[in-house]
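Presented below is the structure to which this report refers.
Every number in this text was worked out from the coordinates using simple rules, so none of it is lab data. Note that this is a predicted model, so its numbers are computed, not measured. In this analysis, Cβ positions are derived from the backbone assuming ideal geometry, glycine residues included, and neighbour counts consider all displayed protein chains.
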Amino acid sequence: MNFELTEEHLAVQEAARDFAQTELLPGVIERDEHQKFPAEEIKKMGELGFLGMMVSPEYNGGGMDTVSYVLAMEEISKVDASASVVMSVNNSLVCWGLEKYGTEAQKQKYLTRLAAGEIIGAFCLSEPEAGSDATMQRTTAEDKGDYYLLNGTKNWITNGSTASVYLVIAQTHPELRHKGINALIVERDMPGFEIGPKENKMGIRGSDTHSLMFTDVKVPKENRIGEDGFGFKFAMSVLNGGRIGIASQALGIASGAYELALNYAKQRKTFGVEIAQHQAIQFKLAEMVTNIEAARLLCLQAASDKDAGRDYAKSGAMAKLYASRVAMETTIEAVQIHGGYGFVKEYHVERLMRDAKITQIYEGTSEIQKIVISREILK
Ligand code: CAA
Ligand code: FAD
């Protein structure tokens, strides 16, 4: 296997790094503190092409491969995981799902604007009682002939109040269980659609997480994605790629924390030497960099599986399972290396530690990734 990056990959990586350092870094502590959505920054990311990276140019996308996407996600996440989750949802759940399974009319109407970053999208699978157990959908999409009548509640929706387009998973034929579920494109201003209050979170506090309520929302039939009953398969298929995005987010959080810890260790002196001279600190750094390198290889493996048309459900789940663990472990050690300074906001590592935790929870918890991996190896 060859993971030599091309000139194009390196250019994307550099552009993302520059953007993160110049545009995201200056306000990141304040946005975290005040739970402020990075609206201006996301707009610029759209203009630079970071919100529809893998979409074909025909639909205003960047026409890039998944490896480029992983590299960009890592750089953005090193600095601001709240911005990178917006990027991940828009790219790998919403845009990818519409490009792969949408009709030409849906692509023209929605994908072209989502890929250009003119609007952003949300992916709505989770419910108060259907998180890991995602087939237990209680939101209903009753077939009324030329439209669906949508009723129910979705929980924890990223981009909840900032999206214009929502891909909503709902049950149409309960007797068919997961084979009766549909995926519908819901527009923000459809009557009966209400956005609940914003969640007050431990991490990724700049991202916009809401519950959503649907009361007799009429969704035209032409807004269904795929055949009747395809909605659960749609969600699973989209999440296979989404997990590569979140794995790269975790990788970025880990490598951001490592870089900060390495620099700090070379500056801070105790007992007459830089703390980097103490073997205990050197060994922490050695563990961190080894784990990060392994996580990066798993992310690139999953991305190259996807780019090559190989199955990537297992490699994506492995990348997410491992990279999210590395993000948690690395950020804890980065705080430790900073000592008391690591515990205050201006040194960034405490935020990265809080942000790391979500990567073990969303787009399938670590326990769910193990279920996905075991099913693949046992089948
Ligand atoms: N890829 C493709 N198809 C899959 C699949 C996968 N990874 N996993 C399951 N399926 C298909 C199965 O083949 C099956 O189809 P058939 O009946 O036609 O064979 C169907 O889906 C049902 O599968 P299971 O019988 O395996 O279903 P299950 O009830 O045992 O659950 C599960 C499977 C993997 C646990 C699934 O429920 C799951 O992934 N849960 C986690 C949900 C999740 O990841 N939510 C994320 C929400 S989005 C989000 O979080 C965004 C964000 O934060 C930013
Ligand atoms: P549960 O499913 O109730 O799980 C509780 C615990 O039990 C977990 O540790 C879980 O791993 C474990 N568990 C459950 N079942 C099993 C099992 N079979 N074997 C072993 N252990 C098990 N969802 C969306 O649809 N769209 C979004 O945009 C979105 N964004 C999110 C943003 C944030 C900040 C958060 C917190 C969540 C978001 N989610 C989103 C929801 C997220 O995907 C779910 O929280 C996640 O899938 C877990 O579901 P749950 O919270 O209901 O936990």
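Other residues whose C-beta falls under 13 angstrom from the C-beta of Lys198 contribute a net charge of +1, scoring Lys and Arg +1 and Asp and Glu -1. The gain in end-to-end length when the Val273 to Arg310 segment is fully stretched comes to 8.2 nm, 0.36 nm per residue minus the alpha carbon separation. Dipole magnitude for the chain: computed about the Cα centre from +1 point charges on Lys and Arg Cβ and -1 point charges on Asp and Glu Cβ, it is near 760 debye. Each of Phe3 and Lys221 was given a label point 7 Å from its Cα along the Cα-to-Cβ line. The distance between the two points is 4.9 nm. A Cα-only calculation for the range 238-378 places Rg and Dmax at 16.5, 56 Å.
Note on the chain: the C-alpha convex hull projects to 18.8 nm² when averaged across all orientations. This ranking places Tyr322, Tyr101 by how few other beta-carbon atoms lie within 10 Å of each, fewest first, which gives Tyr101, Tyr322.
Starting from the Cα of Glu104, step 7 Å toward the Cβ, then list every residue of the range 186-227 with an amide N under 19 Å from that point. Within reach of a label on Glu104, which here means backbone N under 19 Å from a point 7 Å along Cα→Cβ, the range 186-227 contributes 222-227. If you take the charge dipole of the chain about its Cα centre, with +1 on Lys and Arg Cβ and -1 on Asp and Glu Cβ, which of Leu176, Leu297, Ser315 is farthest toward its positive end? Result: Leu176, furthest along the dipole toward the positive end.
Distance between the C-alpha centres of the range 120-196 and the range 17-91: 26 Å, rounded to the whole angstrom. Binning all Cα-Cα separations of the range 158-272 at 10 Å, short to long from zero, yields these whole-percent fractions: 11, 28, 30, 15, 8, 6, 2, 0.
Model label sites at Ile29 and Lys345, defined 7 Å from Cα along the beta-carbon direction, differ in position by 0.8 nm. Checking every one of the GluC sites (Glu not before Pro) in the range 100-151 against DSSP loop status and a limit of 12 other Cβ atoms within 10 Å picks out Glu129.
The slack between Ala280 and Ser56, meaning 0.36 nm per residue of separation minus the straight C-alpha distance, is 75.7 nm. Within the range 207-283, the chymotrypsin sites (Phe, Trp or Tyr not before Pro) that combine a DSSP coil assignment with at most 13 other C-beta atoms in a 10 angstrom radius are Phe271.
Take peptides 246-253, 79-86 and line them up by average Cβ neighbours within 10 Å, highest first, as a rough protection proxy.
Going by the mean number of other Cβ atoms within 10 Å, highest first, we get 246-253, 79-86.
Remark: the range 57-116 carries a charge dipole of roughly 240 debye about the Cα centre, counting +1 on each Lys and Arg Cβ and -1 on each Asp and Glu Cβ.
Residue separation times 0.36 nm, minus the C-alpha to C-alpha distance between Ser132 and Asp189: what's the value?
17.6 nm
Neighbours of Gly364, meaning other residues whose beta-carbon lies under 12 angstrom from its beta-carbon, give a summed charge of 0 when Lys and Arg score +1 and Asp and Glu score -1.
Note on the chain: GNM, Cα springs under 10 Å; of Gly226, Gly145, Gly196, the largest mean-square fluctuation is that of Gly145. Working value for the range 7-120: equivalent-ellipsoid semi-axes of 24, 16, 10 Å, each the square root of 5 times a Cα gyration tensor eigenvalue, largest first. Taking label positions 7 Å along the Cα-Cβ direction at both Ser161 and Glu287, the computed distance is 4.1 nm, reported to one decimal.
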